[in-house]
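What follows is a set of notes on a single structure, which appears directly below.
The values are calculated or read from the model by the stated rules, or taken from the named source; none is laboratory data. Keep in mind the model is a prediction, meaning the values are calculated, not measured. Heads up, the Cβs are rebuilt from the backbone with ideal geometry, glycines too, and the neighbour counts pull from every protein chain shown. Heads up: the accessible areas ignore ligands, DNA and RNA and are worked out on the full protein's heavy atoms, side chains in. Shrake-Rupley method; radii C 1.70, N 1.55, O 1.52, S 1.80 Å.
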Amino acid sequence: MDYSKLQNGSDIRGVALEGIEGQHINLTEQACRDIGRGFALWLKARDASAHRVAVGRDSRLSGAQLSAWICEAMAQEGLTVTDLGMASTPAMFMCTVTEGYAYDASVMITASHLPFNRNGFKFFTKNGGLEKQDIAAILKYAGSDEHTGNAPGSVETGEFMDAYAALLCKKVRDAAGCETPLAGFRIVVDAGNGAGGFYVDKVLRPLGANTDGSRYLDPDGSFPNHIPNPENEQAMQSIMDAVRETHADLGIIFDTDVDRAGAVLSDGSELNRNRIIAMLSAILLREHPGTTIVTDSITSTGLAAFIKKHGGVHHRFKRGYRNVINESLRLNAEGHDSQLAMETSGHGALKENYFLDDGAYLVTCLLIELARGKKEGYTLESLIADLAEPAESHEFRMNILAEDFRAYGQDVIDRLTAYSAAQEGWTIAPDNHEGIRVSLDKAHGDGWFLLRLSLHDPVIPLNIESDSVGGVRQITQELYAFLKTCDKLDLAPVENFLK
């Protein structure tokens, strides 16, 4: 069988439940068992001595069943499998490197923030998450009739989240020098009924925080309240409301599997996208002056100026959390210190933490700063007081109607590059790694745009930012003169905005 269509970059994702019209189950029992067999074959080919594998899952309704199928399949291939139950994606990596656990590999069952009917698999070894080529190899094995030939192993049950949470608590206590450094703070969490509810009982309360007013902590894969996603407007409004209603010192929001996070400051403002990157940069640059901060391609000009002002180097790269992490790894390997790789989506990975994109770890860094600020007389808000933020920003997602959407999309980008070079007041960014990014002077909208291909879908996203009110509309109007020549682009999002 050909399972290649289940690959989504460095993950496997598919439909696990019926319930959305036109979406039919392709993560069938057979597919899950074949993927489990494929991972066992991949692991044994990589390391013949590897035999201990852990499996965890987020709160999705299909998670327990998918876990049972993949655990049984891997055990049939000779692996000793431990079902860790409800877990976070970062914890499933940490169980491969934590003393007393040190599994040879792990599997996380999640589809991040996607709708309730979707699910998938992420894979880890002690070297980190698997790359695209590894996933392709696993799916190729899954589609074959190969077996390891080893005697069957076993499936056991276990628990790791207590140990993982204890590591986070220790980090805060060590930095603060006391047992309950969050005493006197009210910190509220919105877990969106994903896997992040543990953070209240296992981290915040043991550190002394008052967490009254936290919401949606119980796992429920139907996501009855809102999508667990820091980029979702309804989700962010929920945690902002919680902070205001309880007069909290900090609000925290996680995505479903806790590899991403956002926050709300005590004044009710979002700590998201460029703002959370700026805050983490300020913290890290104090300890690592001159370090390089790697971000995705749609970060603002204000963030670049902020990082430079604080003594760092801003390196804009491509969208995709594996892309920014791998770029930071590359820079470090070449001798250029890079302490942070982060996407505006909330995926952030620190050098000090295995370059693991871990929402709970990022938030834990904020807790340390919160406690330190109380002792030294500053606030979290003050760390980004000098961050220049745009007056306006907008994202358009235009469907590509051509059959070969990648070739057509690249042709659009190439033609826009030539078009932009001839426009007065337009300057093509010299350090762009994805699509085309252009700055426009005050007479032409006072901002910038980035047009790029989506990583996986037949879509061209267009991001526009302006430092002037009305600037996004002006830039959009100027771009429309070019876009209307692209007959295989669905321009409805742009045209509706301009009406």
### Query
How big is the gap, in Å, between the Cα center of the range 230-258 and the Cα center of the range 47-89?
31 Å
## Note on the structure
Among 228, 449, 477, the residue whose Cα sits farthest towards the positive end of the charge dipole of the chain, when +1 is placed on the Cβ of each Lys and Arg and -1 on the Cβ of each Asp and Glu, is 449
### Task
Set Lys and Arg Cβ to +1 and Asp and Glu Cβ to -1, take the dipole of the chain about its Cα centre, and tell me which of 219, 123, 17 lies farthest positive.
123
### Query
Going by the alpha-carbon gyration tensor, a ≥ b ≥ c the square roots of its eigenvalues, is the range 159-245 rounded (a/c under 1.5) or, if a/c is not under 1.5, prolate (a/b greater than b/c) versus oblate?
oblate
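Would you mind working out the accessible area per residue for the chain, using a 1.4 Å probe, and quoting it in Å²? Display every interim value, and only then the final one.
Numbers: 19770 Å² over 499 residues.
Per-residue accessible area for the chain comes out at 40 Å².
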### Message
Tell me whether the range 242-398 comes out rounded, prolate or oblate; compute the Cα gyration tensor, take square roots of the eigenvalues as a ≥ b ≥ c, and use a/c under 1.5 as the rounded threshold.
### Response
rounded
#### Entry: Which of 143, 133, 163, positive extreme of dipole for the range 117-164 (C-beta unit charges)
133
### Message
For the range 262-337, report the % of Cα-Cα distances exceeding 19 Å.
### Response
37 percent
### Task
Could you calculate, for the range 360-463, the ratio of the Cα radius of gyration to the Kirkwood radius, expressed as Rg to Rh?
1.16
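Over the range 281-320, what is the mean sequence separation of C-alpha contacts under 8 Å (at least six apart), divided by residue count, expressed as relative contact order in percent?
50 percent
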### Task
Return the lysines within reach of residue 484: Cα separation strictly under 22 angstrom, same-chain partners fewer than 8 residues apart disregarded; answer none if there are no such residues.
499
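Just order 150-161, 88-99, 219-230 by mean Cβ neighbour count inside 10 Å, highest at the front, would you? Before the final figure, lay out each step's value.
Details: 150-161: 14.6, 88-99: 23.4, 219-230: 19.3.
Peptide ranking by packing, descending: 88-99, 219-230, 150-161.
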### Task
Just add up the charged neighbours of residue 444: K/R +1, D/E -1, any other residue whose Cβ is under 10 Å from the Cβ of residue 444.
-3
### Task
Work out from phi, with θ = phi - 60° and the Karplus expression 6.51 cos²θ - 1.76 cosθ + 1.60, the ³J(HN,Hα) of each residue of the range 144-153, listed in order in whole Hz, and give x for Gly and Pro.
9, 10, 6, 9, 6, x, 7, 5, x, x
### Diffusion coefficient, µm² s⁻¹, Stokes-Einstein with Kirkwood Rh over alpha-carbon pairs of the range 60-208 at 4 °C and 1.567 mPa s
75 µm²/s
### Message
Under 5 Å between amide hydrogens, which residues at least 5 positions from residue 3 or on another chain qualify, with H placed 1.01 Å from N in the peptide plane?
### Response
143
### Task
Sort out for me the Cα centre separation of the range 446-496 from the range 297-339, rounded to whole Å.
25 Å
#### Entry: Computed Rg/Rh of the chain, alpha carbon atoms with Kirkwood Rh
0.97
### Message
Rounded to the nearest 20 debye, what is the charge dipole size of the chain about its Cα centre when +1 sits on each Lys and Arg Cβ and -1 on each Asp and Glu Cβ?
### Response
580 debye
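Cβ under 13 Å from residue 54's Cβ, residue 54 left aside: what net charge do those residues give with Lys, Arg +1 and Asp, Glu -1?
0
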### Message
Filter 318/351; 132/202; 170/318; 122/488 down to the pairs with a C-alpha to C-alpha distance above 30 Å, please.
### Response
132/202; 170/318; 122/488
